[in-house]
Amino acid sequence: VQLQASGGGSVQAGASLRLSCAASVRTLHNFAMGWFRQAPGKEREFIAAITRSGGATSYTDSVRGRFTISRGNAKNTVYLQMNNLKPEDTAVYYCAANYDGYGVYTTSGEYDYWGQGTLVTVSS
């Protein structure tokens, strides 16, 4: 499975962006999905996750209420809507897929496939 993250860019604080993660498979219904990010000089951190069904989600505290993970009508795509962006959100954002799990997964080791990353830069 190949994942392609897109939608990053350079924006000012308070703006919104929507990241997309498109998979090479016809559908992601067998995959729990997640988003992570890595800021310069920092470790990769969990941002958001969603179950195979889309019925449950999880967010790290710093983005809860501002970011929303969702599954698209195109069954091979997952989104991360990011609102009220802050300079501390600046990072490379990665999508990831867990094959055949039924939960929400918050650690990188629980994911089987990774996208290449898309850069988000937020200026003050």
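The values are calculated or read from the model by the stated rules, or taken from the named source; none is laboratory data. Everything quoted here is computed from the prediction, not taken from an experiment. Surface accessibility is based on the protein's heavy atoms, side chains included, excluding ligands, DNA and RNA. Shrake-Rupley method; radii C 1.70, N 1.55, O 1.52, S 1.80 Å.
Per-structure values
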| item | result |
| --- | --- |
| Gain on full stretching of the segment that runs from Ala74 to Tyr99 - 0.36 nm per residue minus C-alpha separation | 7.2 nm |
| For the range 1-111, average projected area of the Cα convex hull in nm² | 6.5 |
| Accessible area of the range 1-85 belonging to carbon and sulfur atoms, whole % at 1.4 Å probe | 42 |
| Cα-based convex hull volume of the range 1-61 per residue, rounded to whole Å³ | 125 |
